[in-house]
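Each remark here refers to the structure printed beneath this line.
Where a number appears in this text, it was derived from the coordinates with a stated rule and is not lab data. In this text, all values refer to a predicted model and were calculated from it rather than measured experimentally. Methodologically, a virtual Cβ is constructed for each residue, glycine included, from the backbone with ideal geometry; neighbour enumeration extends over all protein chains shown.
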Amino acid sequence: MKIDRLIGILSVLLQEEKTTAPELAERFEVSRRTINRDIEDLCRAGIPIQTAQGTGGGISIMNGYRMDRTILTSKDMQMILAGLRSLDSVSGSRYYGQLMEKIQAGSSEFISGRDSVLIDLSSWYKTTLPPKISTIQDAIENRHIIEFFYYAPSGESKRSIEPYYVIFKWTSWYVYGWCRKRKDYRLFKLNRMDKVKETGKEFSCRNAPVPDLSSELTFPRNIILKAIFEPEMKWRLVEEFGPDCYEVQEDGRLLLIRDYSDIENLTMWMLTFGDKVEVLEPSEVRSRLKTIAGSMIKIYGGK
C-alpha cells in the first residue's frame with residue numbers, strides 16, 4: 001500500500017544523510033517513476049525534501065529538519081516494533097510485519113539483537129477473527145457499510161452500520177460505528193458477529209467522535225457484589241483483581257466486595273467457582289444460582 005511505502009521512505013530519509021531514487025526503488029520494489037511521485041507527495045505534505053542532480057547528488061531532507069537520533073532510542077523502537085508485531089498476530093497477513101521492516105530500514109543502530117517484548121493479540125478465535133477485522137478495515141477505508149448478524153443477550157438481529165474504528169479493549173475486539181437500526185453510535189463485539197459483509201453501499205463520513213472507552217461509561221457498575229471464597233481460590237482473585245482485593249475472615253475465607261455491571265455475566269462468573277464461593281449479595285444472584293443448582297441436580301442426579 002502507498003501509505004506504508006511513504007512512511008518507509010520518510011524513515012529512510014530521516015536516518016540517512018542522502019539516498020537516491022534507484023536505491024529507494026530497489027528497496028521498496030517499485031519503479032523510479034513511482035518513487036518520484038512519492039517524493040512529490042511527501043513534499044506536498046510539507047516535508048522539506050531536496051533533490052540534487054549529477055555526481056554526489058541524491059535525495060535528502062533539508063538541514064534543520066532532520067530528526068535528532070537520540071529521540072528514537074533503542075527502547076522506544078522496541079516498543080514500536082512490539083506494537084506492530086502484535087497487530088500482525090490478528091491481521092491474518094504480513095502487512096504490519098512488512099511495514100515494520102521498512103521502518104527498520106537503515107536503522108540498525110536503533111535495533112538491538114534481542115526482541116524482549118512479544119505481544120500476541122490473537123485469541124482462541126484466531127481463525128475467525130482475522131477475516132472479520134480485514135473486512136471491517138477495508139470497509140472503513142472504502143467508506144462502505146457493513147452488514148452482519150449480531151448475537152446479544154437480548155436476542156439475535158441483523159445489523160447494518162457505518163464502521164469507523166476497530167478496537168481492542170477488555171481482552172476482546174470490537175467495531176465502533178453508526179448503527180442504522182438504533183440511529184446512534186454503537187460498539188459491537190466481533191465474537192458475537194456472524195456473516196460480516198462489506199456492502200457496495202457508500203456512506204458519507206460523519207464527524208464520528210472518538211469512542212469513550214472508559215469502563216465506567218461503557219459498563220456502568222451499579223451492582224454491588226459481596227461474596228465469600230474458599231482460600232484455595234485466592235489465586236483467581238489475585239489474577240483478576242490484584243493482591244489487595246479481598247479481606248481475610250476469621251475462618252480463613254476471603255471476602256470480596258466489588259462493583260459489577262451485569263447480573264447475567266456475574267451469575268455465570270460465580271458458577272465458574274463451583275462450590276468454592278457463597279454469594280451474600282445481591283439477592284438476585286443468590287436466587288439465580290439456587291435455581292440453576294436445582295436444575296443441575298435434576299439433570300445429573302436426584303433419582
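Annotations
- Relative contact order (percent, whole number), the stretch 219-300, Cα cutoff 8 Å, 6+ residue spacing: 38
- The lysine pair tally for the stretch 129-206, using Cα distances under 21 Å and a gap of 8 or more places or different chains, is 21.
- Taking 14 Å as the cut-off, the amide N atoms of the stretch 157-177 that come nearer than this to a point 7 Å along the Cα-to-beta-carbon line of Lys195 belong to 157-160.
- Listed peptides 42-50, 11-19 appear in the order 11-19, 42-50 once ranked by packing, highest mean of other Cβ atoms within 10 Å at the front.
- The calculated FRET efficiency for Tyr260 paired with Arg32, based on their beta-carbon distance and R0 = 45 Å, is about 0.15.
- Once the C-beta distance of Asn142 and Ser283 is scaled by a Förster radius of 41 Å, the resulting FRET efficiency is 0.20 to the nearest 0.05.
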